[in-house]
1. In the stretch D:186-210, which residues are acidic (D, E) and in contact with a strand residue (DSSP E or B) (Cβ under 9 Å, 6 or more places away or on another chain)?
2. Name the one entry in B:D302, B:D307, B:D256 that is of a type in the set (D, E, K, R), crowded, with 22+ Cβ neighbours inside 10 Å and under 15 Å from B:E320 (Cβ atoms).
3. Under 7 Å by Cβ, and 6 or more places apart or on different chains, what pairs join a residue from the stretch C:1-25 that is within 9 Å of chain D (Cβ to nearest Cβ) and among the charged types (D, E, K, R) with one that is surrounded by 13 or more Cβ atoms within 10 Å (Cβ to Cβ) and not in a loop (DSSP other than H, G, I, E, B)?
4. Could you check how many residues of the stretch C:259-280 are among the basic types (K, R), farther than 14 Å from C:W317 by Cα and either at pLDDT below 95 or surrounded by fewer than 21 Cβ atoms within 10 Å (Cβ to Cβ) (or both)?
5. With respect to the numbered conditions (1) at the interface with chain A (Cβ under 7 Å from one of its Cβ atoms); (2) out of contact with any Phe, Trp or Tyr (no Cβ under 7 Å at 6 or more places or on another chain); (3) within 30 Å of A:A76 (Cβ to Cβ), which one is the sole condition not fulfilled by B:P39?
6. Going through the stretch B:26-62 one residue at a time, which ones are of a type in the set (G, A, S) and either free of Cβ contacts under 8 Å to residues at least 24 places away in the same chain or closer than 30 Å to A:A105 by Cα (or both)?
7. Please verify whether the stretch C:267-286 includes one or more residues that are under 17 Å from the mean Cα position of the chain (by Cα), over 16 Å from C:T91 (Cα atoms) and more than 14 Å from every other protein chain (Cβ to nearest Cβ).
8. Please list, ordered by first then second residue, the pairs with beta carbon atoms under 8 Å, 6 or more apart or interchain, first in the stretch B:254-281 and at positive phi, second surrounded by fewer than 24 Cβ atoms within 10 Å (Cβ to Cβ) and assigned to a loop (DSSP other than H, G, I, E, B).
Number of protein chains: 4
Amino acid sequence: MSTRRFETPDPELDLLYRDLADQDLQPLWELKGLLTPTPTVRSVPHRWTAKELRALGERAGHLVPIDRGGDRRVLACANPGLDGAPYAVSTLWAAAQYLGPHEVAPAHRHTPAALRFVLEGTGVWTLVDGDPLAMSAGDLILTPSWSFHEHHNTADQPMLWMDVLDLPMVAALEAVFFEEGPSEEVERLTATVSDSERRYGNPGLLPPPGLRARPRHSPLLAYRWADTDLALSRRLDATGAEFATLAYVDPTRGTDVMPTMRCEAHRVRGGSRSPLVRQTGSRIATVFRGSGVAVVGEHRFDVAPGDILAIPSWTPWRLEAHDPLDVFSTSDAPVLDALGLYREEELS
Amino acid sequence: MSTRRFETPDPELDLLYRDLADQDLQPLWELKGLLTPTPTVRSVPHRWTAKELRALGERAGHLVPIDRGGDRRVLACANPGLDGAPYAVSTLWAAAQYLGPHEVAPAHRHTPAALRFVLEGTGVWTLVDGDPLAMSAGDLILTPSWSFHEHHNTADQPMLWMDVLDLPMVAALEAVFFEEGPSEEVERLTATVSDSERRYGNPGLLPPPGLRARPRHSPLLAYRWADTDLALSRRLDATGAEFATLAYVDPTRGTDVMPTMRCEAHRVRGGSRSPLVRQTGSRIATVFRGSGVAVVGEHRFDVAPGDILAIPSWTPWRLEAHDPLDVFSTSDAPVLDALGLYREEELS
Amino acid sequence: MSTRRFETPDPELDLLYRDLADQDLQPLWELKGLLTPTPTVRSVPHRWTAKELRALGERAGHLVPIDRGGDRRVLACANPGLDGAPYAVSTLWAAAQYLGPHEVAPAHRHTPAALRFVLEGTGVWTLVDGDPLAMSAGDLILTPSWSFHEHHNTADQPMLWMDVLDLPMVAALEAVFFEEGPSEEVERLTATVSDSERRYGNPGLLPPPGLRARPRHSPLLAYRWADTDLALSRRLDATGAEFATLAYVDPTRGTDVMPTMRCEAHRVRGGSRSPLVRQTGSRIATVFRGSGVAVVGEHRFDVAPGDILAIPSWTPWRLEAHDPLDVFSTSDAPVLDALGLYREEELS
Amino acid sequence: MSTRRFETPDPELDLLYRDLADQDLQPLWELKGLLTPTPTVRSVPHRWTAKELRALGERAGHLVPIDRGGDRRVLACANPGLDGAPYAVSTLWAAAQYLGPHEVAPAHRHTPAALRFVLEGTGVWTLVDGDPLAMSAGDLILTPSWSFHEHHNTADQPMLWMDVLDLPMVAALEAVFFEEGPSEEVERLTATVSDSERRYGNPGLLPPPGLRARPRHSPLLAYRWADTDLALSRRLDATGAEFATLAYVDPTRGTDVMPTMRCEAHRVRGGSRSPLVRQTGSRIATVFRGSGVAVVGEHRFDVAPGDILAIPSWTPWRLEAHDPLDVFSTSDAPVLDALGLYREEELS
């Protein structure tokens, strides 16, 4: 498509506009909406229900083998505001992945980083660069940028988890690389405790500095629900508040687990609610336990375990708990932070 | 626009696809081109010539007062690969700004950060949060994110400079904020040495730690051509190479001058050339002195002072000098670096 | 004492030496031993046995009330190489502290930082700035620089622990400050889980960055033996080695727990030994479980639980385990590291 | 010397004291002066006059060849409070070094770091790891830890400079290593601009991150008086104050030039004075230009160019200028800072 040709009744100016277009130039003074008082947000608040995700995942499980055309059985959340792009919010991909009993999703790697938050099931292992990470409901599993990863289900039940990737950001930066893993059949490795957890999963204790891995992401790749559950309880005890948020961190630095995604666990006491806040940057949330309402912009979504929520940039949101409500969320906050663009406002 | 409805001759699967679309979900296995072996790059190599930029700037200077519709007389480089978007490369805005004799471009601020590289002229001051920074050919002037800035020309000649902004990135992150400056007429301040330079422009000497400003960007806002020229000569002397690159840095940290843009000065000895390299991330370059050829992908652009070049992500490029060639370039490398996505390859 | 007057048979030079001394100057060329090929080390390898420490602690418990002259019942290890200075090695104070049943050691604070490693007993609480930290055998408790701390024993048994302070370093830097706590009787607070542990003791989970304390030391002040024990087992599992070392770290940064002392836990499998190493800087070690031999320089010390060892700078040392051997050690390594003076050699 | 045996009229306690001494233990409650409300400071305020330093340096120049017993003609400042130790303050060595016309001080290296501040003369080169650094009055020259360094005088005049080393600290940490340089005669290299300055001496411009040296100290090894002079003028202009202090910094990080010594330049306008302050840590100062009074504790020292001052820890000090007064000072502040022990108070 050629460069836009602006038009104006002033003939001399119109001639200038023609010559600008010929030279692939545009007159700034005719461009509207570039520098807006507050952000122009393309994605809209949205909820995908666990009920539908599970039912559609099961149907796909019957109809679509894992090797049909791709190598993952994934239902991608497509935000209605994004003109058909398969992204849940402007900067994040979110999806439900359904892995049937004894199925295997083969190894590959890509520069977009991914995380998995397990909605239900147990008995699946994700191998990250060969290290088998057990997956069970409530666990957070990281497959950082450019690490080989595969999944296999040793159980007789399927597993449903949420995938989140920074794919829209990496694509916008034009830095997507992808590579298939080795094609030979791999051994379906399992382990009670992953190597990653043995080395980096002990509170306050690490290998000596000289023996420590220094990747760009957390060397701890699995965060267990039992730990998260206890930490949320302790946080509420320590602060006495109605609402707690904890950040999942790289234990070697205390920073976000990956450079593009901040992961957080939230707990709201039954009958209480979190403050109404808005932040620059996009967020995906999913309910793990409890029920209540997620207020996102003008919407009030009733939420149940497994529901996935799109919380667009600079959109006010809060959680209201009927029962005690546990929510996992992830956002592009580390990127906004690193670039000096993070803003946060508490509205009530 | 509604979520894309995939179709397939298999009736049961087709029904699933309909139900997925109804729920704003998409089947990953039908999506193509998401995870490509190497980056999908939208912008294309391009050159805007100084000759045209200057001529069109002058014409706009006659026809368009600075307050017509916007408050800058700016010709935006529109990369032919970007479907009419007014961006020079996928992540950066570049433009030629023309300020006539005794004109004033009034104050505003925005979260997108900007830099100015002066192509020709002298006698203009940019006020950044009130500090008057003199502008002359070869100088780099920073107007960091959210700092008020205005320009005024005290000379009888116009000035032409290149603007580069991280606007496409900040827009993609949905974090654009904008604010007009105070509307009253301001005094047209000038100063021989800016406050910024007095405090931060001395080699190897800084205010004591407790008295140092700690913004997210360099507190030194002006980099003078005389310093750059000498530093490039010294670098070639020190290494004995045919080609030198220097990074403009925040003197309080040694890091990039702003969190979103790396600025570099390049010098190629006459008759020599720089290595052919490619990097993830997008780059804008402009020639300051000398002549030669810029190889960008399949293109060989003859270049002269004031030409602006678009160097897309992962596209091989090199500089070939007829005369000694001095080039300024800026890229989104700090972002790719911070996110663990920076890759660089030397191809020859 | 006046400045040293050097003497020489050369009368003119001797006159110069007299005049130098009169002006408080010394001729470098007459000074010996200032710049030695390898470090001049004043402290010597030494072991204090648990048996003696316990017996003498008990006797002191009968004879010396806690308020006699000082406010701690502490037996300070005096290295025989240090000319009577009450320091265990050149840069560290080490001591056995004995707190009788239901005794209280009142609050004070000082710029020298301290740590406590509990050798035996349970039922004591250390309050650090009011936060009650339970103490039991194998636990590491921090009382960082300038934090108020007091100890009280709720049990019917005494407790014996090892204190280590960076006092010789802080004294050499002439930066010792000291302050008594409030004199009124305090409530003998206890708690099952300290506030510090509730907030910072959860693996891989922290308060959000904005709500995180940012002291110069670890905000986690208690490290439990059960965690250390498990982490050492996992480390041996992960590496398959005969010997494991783990660093106690600040969970918000992954750095040493305090800026002056590195804390480490070591485990040697029964019948095995650690490599013979030497490092710049001084180290204190104590055995927690098992028996064996500590080789330190020319010495072979038989060691049993509760023994305290002085390992001087640049002195080769190793651990040899009869039974599985667990050792806690602390050193001034963070200081040597920060100053660029840390060297380490493996000798076998 | 054996461990101190405390005595007491109480026979049972006296027996305990005997047994403690036998076991190399000391009763804390009998030790006095360990934890003092404010620092115990051993060194005293002192001034060594340029007149005496120069006269004695010249006499030594006639009588002592550079290879007599050592390889430097150095007059070490011995603080009267330090019991004959050849240190100017508790943690720093300071000395006047006198290098005669055409003399050479041969190469060696040591872990104690050194700096040279040139009091008078020109035409000397210090080679640091082979890079020739010109020395002239007012220049600061660094010879960082473990770098080979030698000096040679190409002029017909002698040079007098002040040496400061962190030797007392490195010795207290028992980390002194020393090595002679190669014994063969070296070429007396000179250069107008050192390699260090060519690479790192340009304001706001550095080699790209991947080509940058990353030592523990500043890679810029020479700081020229002309730059310091201009920076001090600009600082006074920028702040409008009566007194300016600037820190010499590592241009790649903005940190202190070496991990153990902070270097500062001070200027007091004629007839004005600096605030009365005290800091933890020891400081050495020397006057470069002007005259006035240095208040240090209870002392008022009249000062002239070349005088060296000892400013002990926690001792109030100020500068009073008759003429405009330029003073160079260096202190152990980076160490106190790194260890969390730095305190500063303004007293007037």
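1. D:D195, D:E197
2. Within the list B:D302, B:D307, B:D256, the selection yields B:D307.
3. C:R4/C:A21; C:R4/C:Q26; C:E12/D:L63; C:D19/D:L56; C:D24/D:H46; C:D24/D:W48; C:D24/D:C77; C:D24/D:P80
4. Residues that pass the stated criteria total 1.
5. (2)
6. Correct list: B:G33, B:A55.
7. So far as the stretch C:267-286 goes, yes, one or more of its residues are under 17 Å from the mean Cα position of the chain (by Cα), over 16 Å from C:T91 (Cα atoms) and more than 14 Å from every other protein chain (Cβ to nearest Cβ).
8. So the pair list comes out as B:G254/D:R212; B:G254/D:D250; B:G254/D:T252; B:G254/D:R253; B:G254/D:G254; B:G271/B:H322; B:G281/B:Y342.
The values are calculated or read from the model by the stated rules, or taken from the named source; none is laboratory data. Everything quoted here is computed from the prediction, not taken from an experiment. When we count neighbours, we look across all protein chains shown, and the Cβ atoms used for this are built from the backbone with ideal geometry, even at glycine.
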